[in-house]
Amino acid sequence: MINEKLEKAFNDQINAEFYSEYFYLSMYAYFDRMNLQGFKNWMNVQMQEEHAHAMGMFNYLNERGGKVTLQSIEQPKSDWSSPLEVFEDVLKHEQYVTSRINALMDVADEVKDRAAVSFLDWYLKEQVEEESNVGNVLKTLKLICNDKNCLYMLDKELATRTFVAPVIG
Ligand code: FEO
């Protein structure tokens, strides 16, 4: 069985991961409106990753004999002024998620659930990768992309991103 406080913290994080999926779906819709197919593809992969993150915790909670309690998903923002603004939001969001995973690990530590700490280690490493991926796109947008040609080239590059189902835990 899993500690009640930790179960609640896992359920809150499952909600945060589904919110992330929803947030990126909203960005997907924005890039669809702008007809930036590569950026749209990048968001599609991101959404699938967030879904996998949520389901990883969902399955883990079940496996540990906990109860999954789904919560309402907050309405995400739906308008941005530019792709740069979108990616600034993505980085801020991922940094926030990293702080949440750290806090969740603190709860696992507090209740001395070593198995959960070890499980969550995968998520921490994933956050390092996520922040780095987003940071790279943001750097290109900030430093190089001040014309439409660059945006077009970057769109072509982001079109090559593919989803690889993660092996969690
Ligand atoms: Fe599930 Fe992007 O963190």
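Remark: segment 4-158 carries 52 Å² of accessible area per residue (probe radius 1.4 Å; ligands, DNA and RNA excluded). Springs between alpha-carbon pairs under 10 angstrom, Gaussian network model over the chain: which of Gln48, Gln75, Gln13 fluctuates most? Evaluated over the chain, the most mobile residue of the options is Gln75.
Distance from the C-alpha centroid of segment 1-36 to that of segment 76-108: 10 Å, rounded to the whole angstrom.
Within the shell of other residues whose beta carbon sits under 12 angstrom from the beta carbon of Asp89, the net charge comes to -2, with Lys and Arg scored +1 and Asp and Glu -1. May I ask you to give the percent of accessible area on the chain that is carbon plus sulfur, with a probe radius of 1.4 Å? Of the solvent-accessible surface of the chain, carbon and sulfur hold 53 percent. Compactness of the chain was expressed as the Cα radius of gyration divided by 2.2 N^0.38 Å, which yields 1.11.
Residues considered: Phe119, Phe58, Phe31. Largest GNM mean-square fluctuation over the chain, using C-alpha springs under 10 Å, is found at Phe119.
The values are calculated or read from the model by the stated rules, or taken from the named source; none is laboratory data. Computed from a predicted structure; not experimentally measured. Don't worry about glycine lacking a Cβ; one is built from the backbone with ideal geometry, like all the others, and counts go over all protein chains shown. For accessibility, only protein heavy atoms count, side chains too; no ligands or nucleic acids. Shrake-Rupley method; radii C 1.70, N 1.55, O 1.52, S 1.80 Å.
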